[in-house]
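Engineer: Take a look at the following structure, please.
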Ligand SMILES: CC/C=C\C/C=C\C/C=C\C/C=C\C/C=C\C/C=C\CCCCC(=O)SCCNC(=O)CCNC(=O)[C@H](O)C(C)(C)COP(=O)(O)OP(=O)(O)OC[C@H]1O[C@@H](n2cnc3c(N)ncnc32)[C@H](O)[C@@H]1OP(=O)(O)O
Ligand SMILES: Cc1cc2nc3c(=O)[nH]c(=O)nc-3n(C[C@H](O)[C@H](O)[C@H](O)COP(=O)(O)OP(=O)(O)OC[C@H]3O[C@@H](n4cnc5c(N)ncnc54)[C@H](O)[C@@H]3O)c2cc1C
């Protein structure tokens, strides 16, 4: 890349150098970073990750050095090139789906093919018959056809039952007719639809024999495979500039009585019979919503990695950035020189950043557990057993909502913790934050999804017989019986360190969730409160329940398990006392800081007393002290390479200032000739001049 300004090469940052400061931080760690990295990813995934990183870093098409200076059209073209390149590399190196996902994660830019991978393929895989998979999935995997997922409409997104696009069975020709009856039925937002996709999953109301069977998925070819023009009867366009996600062509689409073969209704679960139009019910009404459950589970896992990324940038930068001299405890170099204090040493900075590290670990571990639960569900459902679905839907809905909310808030907190440089694109926060933001809205708006979780829990509580039955089976609501059976219990904490006891933490979280649930049920059942009037409480219930799950899963991850049930990752963790010690501090910080942020609910239930809440704060401060020497090592352990971070502030080597000035010198604005004479007429084009 061209440098437009020559920077004098003899200048270096004042001592101590960033690399020295980070090295000093790393030497303070009480555990082996490589061991923790292995405990997070496992040796196989880590070696695949390293192998793929090497390929991507050295590929000129996937070079990221230019992207901070690009406008939308240029960025979109770059994103298309990089999507094509990943596909070519996948073919050359014979990457499997997991390796493809690693590459996409490292290249880190949504693109025109992203929804093809994340929703089009999984929908056909999950909802198509074997014959449909042969017809659509195989060419889609080979990228001979490119698809998108068109569910949301201009007038409806959250309310899937309210979708207006129709798909009417025509027995005479054995076809469906897809139609947009109103402007509000225009498909809107589908990623990849605007300029790229030639096929789409279209969610449309199935009408057969005059009966409306509600939304179902259909495969519709939308563009000509040779000319790439929209097919007759279909109007398509890009929806225009957005808050972020501008590397993807989100599109709109209108249908004017477009015919597709009956074969194109994805029919793994429900079918329409040839000629008679008879409708065969699915084994569970909501199976056509299956892709959403899958993507929500991925969003939970991704939230952990997004938090790790934000924490990596801000913790490393805070170790390098120095402001003021802390007179009571000055930073002294080996040569005796007193220098300004690293901002990471200020307790306020620690209070802002270390909980983000803790959130990253907590959500990462729950992400793994949810991914496994999803796999278990897929395995069982392939044998016709859908019993896990209700619980999976409830937990993925609430956790998707909670974890993406946490991530969005914390990414912004981390950005702000970097001061002025956090506002520069070179921080690595701008596009990362903008592109992360829609996770709180897509795949179900976060407030709407909490209603799904709360309703599942409330129903369980209302039907107490079924509740005790379910609570034995359900991995997510077993705690409630224990606390509801004895509502006058009190928290046993008598000194701050008692808060470190995992049993105490679980009891506090369990009691608070059970209390909120019981109160809401009382309002609904005995005071006849409407659902709408209870929405704020309902949101609280889902959050309380999901916070319990996060704490529970973290504690579970750290508890000894029988060696049989342990995989390689857990074995590494459990064989290393130093890893367990540091992660226990991280777990405590997560549980206690989250408690403090929601303190009023814990106090209100009467379980925790104001005196105990004072002790809680003392213990949080203690946990921050425990984490301080390990802060950099804990973010390093996530092994997020510079190629992914693309951040001047979060570089592994700490060369923050050298990178800032080098990247600034490449700003194209520095290279153009400007006429700054305010009276210059060159400013105006001739046609504009004529109007003046
Ligand atoms: C070969 C394969 C290969 C490769 C893949 C390679 C790479 C891919 C790799 C990774 C990528 C993966 C993921 C990517 C990560 C990020 C995502 C990137 C991009 C995403 C782009 C965004 C796309 C979209 O946004 S698509 C549109 C999404 N829209 C929504 O989410 C709408 C939200 N609304 C709803 O879901 C529903 O309307 C509702 C749930 C809110 C209400 O539904 P409804 O009114 O129908 O029902 P209710 O009356 O409320 O409930 C009735 C009962 O049904 C139960 N229920 C509801 N939903 C479900 C469900 N989904 N599952 C199961 N059960 C459900 C509900 O609980 C009620 O039950 P009850 O017992 O009767 O009480
Ligand atoms: C970047 C991006 C990419 C997307 N990609 C796709 C895609 O590929 N395919 C696709 O089909 N869709 C896609 N979407 C659409 C997305 O799934 C929807 O925007 C999302 O589901 C929210 O629906 P909505 O826009 O209708 O919000 P609305 O439901 O209109 O929400 C507006 C507000 O009303 C509130 N609200 C609504 N109903 C209730 C209620 N019952 N109770 C309480 N509050 C309520 C919500 O909380 C929210 O605050 C994408 C969206 C974005 C931003």
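Read-outs throughout are calculated quantities, based only on the coordinates presented, and are distinct from any laboratory measurement. For clarity, every value in this text was computed on a predicted model and none was experimentally measured. As a convention, Cβ positions derive from the backbone with ideal geometry for all residues, glycine included, and neighbour counts pool all protein chains shown.
Engineer: Say each of residue 617 and residue 536 gets a label point 7 Å from the Cα, pointing the same way as Cα to Cβ; how far apart are those two points in nm?
Structural biologist: Rounded to a tenth, the inter-label distance reads 2.5 nm.
Engineer: Further, regarding this structure: Take the Cα of residue 455, step 7 Å along the line toward its Cβ, and report every residue of region 388-428 whose backbone nitrogen sits under 19 Å from that point.
Structural biologist: 388-402
Engineer: Looking at the square roots a ≥ b ≥ c of the eigenvalues of the Cα gyration tensor of region 244-401, which shape do they give, rounded for a/c under 1.5, prolate if a/b is larger than b/c, or oblate? The partial results should precede the final answer.
Structural biologist: Working: a/c = 5.45, a/b = 2.68, b/c = 2.03.
Verdict is prolate for region 244-401.
Engineer: Sticking to Cα atoms, compute the Rg of region 120-282 to one decimal and its Dmax as the biggest Cα-Cα distance, whole number, in Å.
Structural biologist: Taking only Cα atoms of region 120-282, I get Rg and Dmax of 15.0, 48 Å.
Engineer: A follow-up question, please. So, by mean Cβ neighbours within 10 angstrom, what's the order for 525-536, 390-401 with the highest one leading? The partial results should precede the final answer.
Structural biologist: Numbers: 525-536: 11.2, 390-401: 25.8.
With the highest mean Cβ count within 10 Å placed first, the list reads 390-401, 525-536.
Engineer: Now for a separate question. Separation of region 601-644 and region 90-149 by C-alpha centroid, Å?
Structural biologist: 39
Engineer: For the chain, what is the mean residue ellipticity at 222 nm derived from helices alone (per DSSP H run of n ≥ 4: -39500 (n - 2.57); sum divided by total residues; nearest 500 deg cm²/dmol)? Could you put the intermediate results ahead of the total?
Structural biologist: Details: 24 runs with 339 residues, N = 692.
Only helices count here, giving -16000 deg cm²/dmol.
Engineer: Rounded, prolate or oblate: which fits region 1-99, taking a ≥ b ≥ c as square roots of the Cα gyration tensor eigenvalues, rounded meaning a/c under 1.5, else prolate when a/b beats b/c?
Structural biologist: On the way: a/c = 2.98, a/b = 1.08, b/c = 2.75.
It is oblate, given that a/c is not under 1.5 and a/b is not larger than b/c.
Engineer: Can I ask one more? Starting from the Cα coordinates of the chain, work out the convex hull volume and express it per residue in Å³.
Structural biologist: Given the Cα convex hull of the chain, per-residue volume reads 216 Å³.
Engineer: What full-extension length gain, to one decimal in nm, is calculated for residue 58 and residue 27 as 0.36 nm per residue of separation minus the Cα-Cα distance?
Structural biologist: Working: separation 31, 0.36 × 31 = 11.16 nm, distance 3.02 nm.
Between residue 58 and residue 27, full extension yields an extra 8.1 nm.
Engineer: Still on this structure: May I ask for the distance between the Cα centers of region 9-70 and region 301-361, given as a whole number of Å?
Structural biologist: Region 9-70 and region 301-361 have Cα centres spaced 17 Å from each other.
Engineer: Could you work out how much longer the chain between residue 559 and residue 238 gets when fully extended? Use 0.36 nm per residue separation minus the Cα distance between them, nm to one decimal. It would help to have the intermediate numbers written out before the result.
Structural biologist: On the way: separation 321, 0.36 × 321 = 115.56 nm, distance 5.05 nm.
So the chain would gain 110.5 nm between residue 559 and residue 238.
Engineer: Sticking with this structure for a sec: Between residue 441 and residue 225, what length comes free when the chain is fully extended (0.36 nm per residue of separation minus the Cα-Cα distance, one decimal in nm)?
Structural biologist: 74.5 nm
Engineer: Calculated FRET efficiency, residue 371 and residue 285, Cβ-Cβ r, R0 25 Å, to nearest 0.05?
Structural biologist: On the way: r = 25 Å, r/R0 = 1.01.
Step by step, r from the Cβ atoms, then E = 0.50.
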